Amino acid sequence: MATMKSIDDIRRENLEILIDERCEGNESELSRRLGYERPTMVNHWTAGRKNMSSASARRIEQTLELPEFWMDSDRGLYLRTRAAVKHTSATHDSAIKHSKSAVIKELPTAGRNNLSGVGRDEYDQNVAPAPTGQRRIPIISYVQAGMMTEAMDPFALGDGFEVILADLDVSNGTFALRIKGDSMRDRFSEGDVVIIDPEVEPLPGDFVVAKNTNEEATFKKYRPRGSDVRGDMIFELVPLNDDYPTLHSERDHLRVIGVMVEHRQYRKR
């Protein structure tokens, strides 16, 4: 009886697919796209020395413009079907007539209706069962976010939190915010929820929460601009809506307090 794959095995297989098909088999190329100076982390993932966190899986999906949770979907069937179709395509026409039914019988039932001459690649099966979240994450206000410090637990800011569940591998200080206004339109709409991990280091293009010296928090796109004489990172916070101004860390006295690791959108009626 076949054993069920773990999420770590699935992510490792999908990483190998991406390296082969998007990075010409080059782990260093994937590392470069993810913003790593060296391919050490990708090497650890592919070799199984370290398991990939949910936050890292979401980062890979965003960087390579893949559907959310692509990394968590078992693509073993995709690989088996593609290999079978390539094998039959290389066979003489008369042999294909005799082998086609056998190939279909050998494939799992879920793939039979997708063989239309070129295999499973024709069918965009882009959904998979999602695990039920067990981690409790509080949704706090922007005022409370402005009060955050490096060592503060969001639950300590007050009572009466709305709590959401997630399956993310995040730090204990992780919190969530609801989007307000339209400064991040059209990717983020008012009422969307973003989950913020204060222990993730921002990379170019990440979405972050930052605050100023007046303890006012804002959610924007992160754009680094080098370092100052003290070695501190200079950065801009960029709204996606051009009607709003770009903020500058030195001019506006900003400090990043967390990086978005998940974005939840809800149906607007």
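The table below gives the values:
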{"read-out": "Set P138, P202: member being crowded, with 16+ Cβ neighbours inside 10 Å and either of a type in the set (S, T, N, Q) or outside any loop (DSSP other than H, G, I, E, B) (or both)", "value": "P138"}
{"read-out": "Matching entry among D192, D186 (being in contact (Cβ under 8 Å) with a residue 40 or more places away in the chain and over 30 Å from G226 (Cα atoms))", "value": "D192"}
{"read-out": "Number of the condition not met by E190 [criteria: (1) more than 30 Å from Q134 (Cβ to Cβ); (2) part of a loop (DSSP other than H, G, I, E, B); (3) acidic (D, E)]", "value": "(1)"}
{"read-out": "Residue in the stretch 215-231 that is farther than 19 Å from V200 by Cβ, at pLDDT 95 or above and within 26 Å of the chain's Cα centre (by Cα) present", "value": "no"}
{"read-out": "Some residue of the stretch 162-169 being outside any strand (DSSP E or B) and either more than 17 Å from R58 (Cα to Cα) or at pLDDT 90 or above (or both)", "value": "no"}
{"read-out": "Number of positions in the stretch 217-258 that are under 18 Å from F188 (Cα atoms) and assigned to a loop (DSSP other than H, G, I, E, B)", "value": "8"}
{"read-out": "Total residues in the stretch 249-269, condition open to solvent by less than 100 Å² (accessible area, probe 1.4 Å), basic (K, R) and out of contact with any Asp or Glu (no Cβ under 8 Å at 6 or more places or on another chain)", "value": "1"}
{"read-out": "Filter result for the condition that a residue is out of contact with any Gly (no Cβ under 7 Å at 6 or more places or on another chain), open to solvent by 20 Å² or more (accessible area, probe 1.4 Å), closer than 18 Å to P154 by Cα and not hydrophobic (A, V, I, L, M, F, W, C), over T218, T246", "value": "T218"}
{"read-out": "Residues (open to solvent by less than 60 Å² (accessible area, probe 1.4 Å) and modelled with pLDDT of 85 or more) located in the stretch 1-20", "value": "D8, I10, R11, R12, E13, N14, L15, I17, L18, I19"}
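Table: residues versus (1) part of a helix (DSSP H, G or I); (2) closer than 23 Å to L203 by Cβ; (3) in contact (Cβ under 8 Å) with a residue 24 or more places away in the chain; (4) more than 15 Å from the chain's Cα centre (by Cα).
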residue: N14; (1), (2), (3), (4): yes, yes, yes, no
residue: D20; (1), (2), (3), (4): yes, no, no, yes
residue: R32; (1), (2), (3), (4): yes, yes, no, yes
residue: N43; (1), (2), (3), (4): yes, yes, no, yes
residue: M52; (1), (2), (3), (4): no, yes, yes, no
residue: I60; (1), (2), (3), (4): yes, yes, yes, no
residue: E65; (1), (2), (3), (4): no, yes, no, no
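The values are calculated or read from the model by the stated rules, or taken from the named source; none is laboratory data. Keep in mind it's a predicted model, so treat the numbers as computed, not measured. Glycine also receives a Cβ, built like all others from the backbone with ideal geometry; neighbour counts cover every protein chain displayed. The protein model used for the area step is the full one, side chains on, heavy atoms only, and it has no ligands, DNA or RNA in it. Shrake-Rupley method; radii C 1.70, N 1.55, O 1.52, S 1.80 Å.
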